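Below: the structure, in structure tokens.
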Amino acid sequence: MRIGIVCYPTFGGSGVLATELGKALADKGHQVHFITYQQPVRLNEFNANIFYHEVRVTNYPLFDYPPYETALSSMMVDVISNNNLDLLHVHYAIPHASAAYLAKKILETQGKNIPVITTLHGTDITLVGRDKTFAPVVAFSINQSDAITAVSEDLRDDTYKIFSIKKEIEVIHNFVDVKRFHKKPFDAFRKVIAPNGERILVHASNFRKIKRVQDVVKVFAEVNKKIPSKLLFVGDGPERLTAEELCRELSLFDDVRFVGKQEQMEEILAVADLFLLPSEYESFGLAALEAMAAEVPVISTNVGGLPEININGVTGFLSNIGDIEDMSKHAIEILEDDEVLKKFKSNAAAQAKKFDIHNIVPKYEQLYNRFCKCL
Ligand code: GMT
């Protein structure tokens with residue numbers, strides 16, 4: 001099958017998921033065409049079945065705002081026609097679903113029907129999507145998609161609450177390649193981070209306000225009082241400076257490292273003992289699932305789709321937003337006893353297996369197959 005994938009190419013979860021899906025489909029023999037403005041971060045290996053088409057926006061003195069969506073629709077039309085694609089799968093509604101609608105309509109005038117599948121990832125609905133500036137276009141283009149999927153039951157339910165959606169929204173949970181994340185810890189790396197055998201806590205995100213990175217620091221401060229520990233901050237974004245300042249204020253700087261954006265997350269997770277995700281909202285929490293696949297228990301909030309992956313008291317713990325005391329208490333409970341930690345680690349790994357790439361990718365193939373009998 002020849003599949004077009006449109007996504008954000010950055011470190012965000014939707015781009016990561018879309019890229020991993022494309023790679024998995026290519027491995028299974030499908031021809032996959034990525035259409036984005038930049039090479040997706042995780043598209044870092046050669047595969048003869050993968051093609052990459054860069055969207056370029058012509059600048060012109062008249063434009064205060066370069067018309068990316070128009071350029072994207074035109075590129076979609078071009079790639080779909082010239083490569084005879086069977087289907088277009090867009091990730092993140094804004095502006096991908098509306099650009100796809102326009103491309104579909106243009107192609108119709110040329111006698112080509114291209115099925116469009118839209119996968120909703122979270123903030124395209126709950127945060128940005130519901131903003132009045134975008135809402136009518138988001139609702140319209142979702143309704144015009146041939147199929148709609150959401151990455152969690154919670155996101156599906158929220159989408160129905162926020163917009164008037166007339167179609168079925170199918171839930172296809174995010175996935176992880178368990179084999180890739182199940183790595184042996186690199187001892188030398190562990191020694192550099194935690195020379196005296198300290199516990200290692202990790203947080204990874206794009207440091208947006210919604211991630212509440214200050215809470216990560218506060219929880220770590222409490223844990224560190226009881227259990228000698230180190231904290232690794234992976235990623236970068238607007239709240240990084242605030243987090244750094246708080247670390248200085250709490251005299252934690254020697255125990256905290258900001259390692260920036262990292263492609264080899266599995267290497268870092270392999271040495272981690274606990275993953276912290278105190279977000280205000282997560283439609284799913286792919287970062288938490290990747291941690292669990294690496295046998296790392298998760299302390300998270302109980303929002304959005306997180307309870308669908310992190311099982312309270314089994315794979316980690318769930319707390320209310322901002323409840324530092326509860327999160328710290330549970331983190332300490334997991335970390336202070338080797339046997340308890342071992343149990344949580346193996347539970348986390350077992351839970352991640354349910355979301356393994358080999359279980360989830362066929363669900364997308366089945367969905368595609370409903371629109372194109374060429375699998
Ligand atoms: O979490 C982010 O800020 C990035 C965002 C994105 O759109 O790339 O991630 C969203 O999609 C991921 C993949 O489906 C989910 O795992 C994240 O939970 C979701 N983020 C939010 O809902 C805040």
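The values are calculated or read from the model by the stated rules, or taken from the named source; none is laboratory data. From a predicted model like this one, the values you see are computed outputs, not experimental measurements. Cβ: placed from backbone, ideal geometry, glycine included. Neighbour counts: every protein chain shown. These area figures cover heavy atoms from the full protein model, side chains too; ligands, DNA and RNA do not enter into them. Shrake-Rupley method; radii C 1.70, N 1.55, O 1.52, S 1.80 Å.
When Ile117, Ile106, Ile80 are screened for being at pLDDT 95 or above, among the hydrophobic types (A, V, I, L, M, F, W, C) and open to solvent by 30 Å² or more (accessible area, probe 1.4 Å), only Ile106 passes. Taking the range 294-375 and the helices (runs of 4 or more DSSP H) fully enclosed by it, the elements with 1 or more residues that are under 30 Å from Ala26 (Cβ atoms) are at 306-309, 338-353, 357-371.
Any residue that is in contact (Cβ under 8 Å) with a residue 60 or more places away in the chain, farther than 29 Å from Ala287 by Cα and among the aliphatic types (A, V, I, L, M) - is there at least one of those in the range 115-132? Checked the range 115-132: no residue is in contact (Cβ under 8 Å) with a residue 60 or more places away in the chain, farther than 29 Å from Ala287 by Cα and among the aliphatic types (A, V, I, L, M). Could you list all residues from the range 7-63 that are basic (Lys, Arg) and open to solvent by less than 40 Å² (accessible area, probe 1.4 Å)? Result: Lys23, Arg42. The residues of the range 311-343 that are in contact with a strand residue (DSSP E or B) (Cβ under 6 Å, 6 or more places away or on another chain), of a type outside the set (A, V, I, L, M, F, W, C), surrounded by 15 or more Cβ atoms within 10 Å (Cβ to Cβ) and free of Cβ contacts under 8 Å to residues at least 40 places away in the same chain, listed by number, are Asp326, His330. Could you check how many residues of the range 188-242 are free of Cβ contacts under 8 Å to residues at least 24 places away in the same chain, of a type in the set (Lys, Arg) and closer than 16 Å to Val271 by Cβ? So the answer is 1. Restrict the check to the range 207-220 and report whether at least one residue is on the phi > 0 side of the Ramachandran plot, within 16 Å of the ligand (Cβ to nearest atom) and not in a strand (DSSP E or B). Checked the range 207-220: at least one residue is on the phi > 0 side of the Ramachandran plot, within 16 Å of the ligand (Cβ to nearest atom) and not in a strand (DSSP E or B).
Is there a residue in the range 79-95 that is free of Cβ contacts under 8 Å to residues at least 24 places away in the same chain and not in a strand (DSSP E or B)? Scanning the range 79-95, I find at least one residue that is free of Cβ contacts under 8 Å to residues at least 24 places away in the same chain and not in a strand (DSSP E or B), so the answer is yes.
Each residue in the range 153-197 was checked for being of a type in the set (D, E, K, R) and not in a helix (DSSP H, G or I), and 7 pass.
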